[in-house]
1. For the range 28-60, give me each residue that is in a loop (DSSP other than H, G, I, E, B) and under 17 Å from the mean Cα position of the chain (by Cα).
2. Please tell me if residue 169 is touching a Cys at 6+ places or on another chain (Cβ under 7 Å) and either among the aromatic types (Phe, Trp, Tyr) or farther than 19 Å from residue 122 by Cβ (or both).
3. Just checking, how many residues over the range 1-19 are open to solvent by 50 Å² or more (accessible area, probe 1.4 Å) and either in a strand (DSSP E or B) or at pLDDT 95 or above (or both)?
4. Would you call residue 205 open to solvent by 10 Å² or more (accessible area, probe 1.4 Å), polar (S, T, N, Q) and under 16 Å from residue 124 (Cα atoms)?
5. What do you reckon, is residue 129 over 19 Å from residue 57 (Cα atoms), open to solvent by 20 Å² or more (accessible area, probe 1.4 Å) and away from the ligand (no atom under 16 Å from the Cβ)?
6. What's the total number of residues in the range 80-108 that are open to solvent by 30 Å² or more (accessible area, probe 1.4 Å), over 14 Å from the mean Cα position of the chain (by Cα) and either within 16 Å of the ligand (Cβ to nearest atom) or within 16 Å of residue 24 (Cβ to Cβ) (or both)?
7. Given the structure, is residue 208 among the aliphatic types (A, V, I, L, M) and more than 25 Å from residue 23 (Cα to Cα)?
8. For residues that are open to solvent by 30 Å² or more (accessible area, probe 1.4 Å), closer than 24 Å to residue 2 by Cα and outside any helix (DSSP H, G or I), tally how many sit in the range 61-79.
Amino acid sequence: MKLRCLGSGSSGNCYILENDSEALVIEAGIPFMVGKKALDFNISKIVGVVISHSHGDHAKYAGEYEKAGIPVFRPYESDMERQVRTYGKFVIKSFPLIHDVPCFGFLIEHPETGKVLYASDTEYIKYRFRDLSHILIECNYSKDLIPEDAVNRSHVMTGHMELQTVLEFLRANNSPALRSAVLLHVSARNSDPEEFVTEVGKVIQCPVWAAEKGLEVDLDLMPF
Ligand SMILES: [Zn+2]
C-alpha cells in the first residue's frame, strides 16, 4: 500500500492510500481531475473519500467525487463523535479533533497497512492509540519560528498542531509496531520541514517524512 500526497497545506490537501485494486482518498481539497490523473483514470478503484472538516482546503471538491458515485464520509455533519465506515478492505473510524470548526481524525485499518492514524487540522489530540503502524499527523508550525511581535501570532497558534505537541503525542503513542510517521500540513511560514523531521526522528525509531506534493511512502507492514 502506498501513501501518495497530491497536496498538503492551506492551498489544498489530498492524500491517496492506494494498492493495485483499491484507493482511499483522504481529503478533497484538490480537484477530482488531479486525483483521476494520479490514478491513471482508473476511478473504479476509488472505494471512498474521507474528509476531516468543512474548510475548503480539505472539502472543496468533495461534491465532484459524489457526482461520480463515490461515497464520501463527512463525520462533521453528524452529532455522533464516533462513526465507522467500511470502504473496500478499509475500516475507518472517526474521532473528534480540536479546530475552529467541527473536525475529525481517522483511524484507518487495512490488512496491508495495520492501523494508520490520520489527524489534521487540530490543536492537539486528546486520545491515545495502541499499536499504530503509521502515523500521519499535522505538524503545522514551531512557536520558536513565529516572531514574538507577529500580528497573527495567536491566530496561527489556534487550531493547528505545534511541533512540541506533535513530539508529545508521538512519545505517548510510540510502540514497537510503529513503521513510519508522515508530517502533514507543514506551514509555508513558521516552519522548517527538515528540522521537524530531525526532531521527530529523535523521538521515534522509524522513518519520518514531511508531506509535500508528489511524496510517495510505502505503508506496507514490512519488517524493518
Ligand atoms: Zn481547517
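The values are calculated or read from the model by the stated rules, or taken from the named source; none is laboratory data. Here the structure is a predicted model, which is why all the values come from computation and not from measurement. Note that we place each Cβ from the backbone using ideal geometry, even for glycine, and neighbour counts take in every protein chain shown. What goes into the accessible areas is simple: the full protein's heavy atoms, side chains included, and nothing from ligands, DNA or RNA. Shrake-Rupley method; radii C 1.70, N 1.55, O 1.52, S 1.80 Å.
1. Residues satisfying the conditions are 28, 29, 30, 51, 52, 53, 54, 55, 60.
2. no
3. 1
4. Values: open to solvent by 10 Å² or more (accessible area, probe 1.4 Å): yes; polar (S, T, N, Q): yes; under 16 Å from residue 124 (Cα atoms): no.
Against the criterion (open to solvent by 10 Å² or more (accessible area, probe 1.4 Å), polar (S, T, N, Q) and under 16 Å from residue 124 (Cα atoms)), residue 205 does not qualify.
5. yes
6. Selection size over the range 80-108: 11.
7. So residue 208 does not fit the description; no.
8. 5
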